[in-house]
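Please read the structure below before turning to the comments.
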Amino acid sequence: MREGQRKYWQNGWQVRGGYFWTLAFHIGKYGVMVYYPGRIDIYKLY
(Lines give C-alpha, C1' and ligand atoms only; values in the text may rest on other atoms or scores of the structure.)
Protein backbone atom coordinates (compact mmCIF):
# COMPACT_ATOMS: atom_id res chain seq x y z
CA MET A 1 0.00 0.00 0.00
CA ARG A 2 1.32 3.39 -0.93
CA GLU A 3 0.87 6.59 0.98
CA GLY A 4 -0.27 9.91 -0.34
CA GLN A 5 -0.94 13.31 1.09
CA ARG A 6 -4.61 14.20 1.11
CA LYS A 7 -3.92 17.75 -0.07
CA TYR A 8 -2.54 16.36 -3.33
CA TRP A 9 -5.41 13.94 -3.82
CA GLN A 10 -8.14 14.86 -6.26
CA ASN A 11 -11.36 13.07 -7.02
CA GLY A 12 -12.38 12.37 -10.57
CA TRP A 13 -10.83 11.28 -13.82
CA GLN A 14 -7.17 12.11 -14.28
CA VAL A 15 -4.42 11.24 -16.70
CA ARG A 16 -1.60 9.70 -14.70
CA GLY A 17 1.74 9.27 -16.39
CA GLY A 18 0.38 10.65 -19.64
CA TYR A 19 -1.00 7.35 -20.88
CA PHE A 20 -4.01 6.05 -19.02
CA TRP A 21 -7.11 7.62 -17.62
CA THR A 22 -7.57 6.76 -13.98
CA LEU A 23 -10.52 7.18 -11.69
CA ALA A 24 -9.42 8.54 -8.33
CA PHE A 25 -11.55 8.93 -5.24
CA HIS A 26 -11.10 8.66 -1.51
CA ILE A 27 -13.04 6.79 1.12
CA GLY A 28 -12.29 7.93 4.64
CA LYS A 29 -8.54 7.66 5.20
CA TYR A 30 -7.88 5.75 2.00
CA GLY A 31 -7.51 6.84 -1.58
CA VAL A 32 -8.51 4.46 -4.33
CA MET A 33 -7.17 4.74 -7.85
CA VAL A 34 -8.68 2.58 -10.56
CA TYR A 35 -6.51 2.19 -13.64
CA TYR A 36 -7.67 1.01 -17.01
CA PRO A 37 -7.71 -1.91 -17.65
CA GLY A 38 -8.55 -3.34 -14.27
CA ARG A 39 -5.71 -2.40 -11.96
CA ILE A 40 -6.50 -0.88 -8.59
CA ASP A 41 -4.14 0.89 -6.21
CA ILE A 42 -5.08 1.82 -2.67
CA TYR A 43 -3.30 4.69 -0.97
CA LYS A 44 -3.28 5.50 2.70
CA LEU A 45 -3.82 9.25 2.97
CA TYR A 46 -2.41 11.41 5.72
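May I ask you to list pairs of residues, at least six apart or on different chains, whose Cβ atoms are under 7 Å apart, with the first in the stretch 7-30 being within 14 Å of ILE42 (Cα to Cα) and assigned to a strand (DSSP E or B) and the second being small (Gly, Ala, Ser) and modelled with pLDDT under 80?
Within 7 Å, the pairs are ALA24/GLY12.
Inspect the stretch 37-45 for any residue being modelled with pLDDT under 80 and among the acidic types (Asp, Glu) and give the result as yes or no.
No: zero hits.
Within the stretch 22-35, does at least one residue satisfy the condition of being aromatic (Phe, Trp, Tyr), surrounded by fewer than 11 Cβ atoms within 10 Å (Cβ to Cβ) and modelled with pLDDT of 70 or more?
Quick first cut of the stretch 22-35, residues aromatic (Phe, Trp, Tyr) only: 25, 30, 35.
Right, trim to surrounded by fewer than 11 Cβ atoms within 10 Å (Cβ to Cβ) and you get none.
Scanning the stretch 22-35, I find no residue that is aromatic (Phe, Trp, Tyr), surrounded by fewer than 11 Cβ atoms within 10 Å (Cβ to Cβ) and modelled with pLDDT of 70 or more, so the answer is no.
The values are calculated or read from the model by the stated rules, or taken from the named source; none is laboratory data. Keep in mind that this is a model prediction, so the values were computed, not measured. Cβ atoms come from the backbone with ideal geometry, glycine included; neighbour counts cover every protein chain shown.
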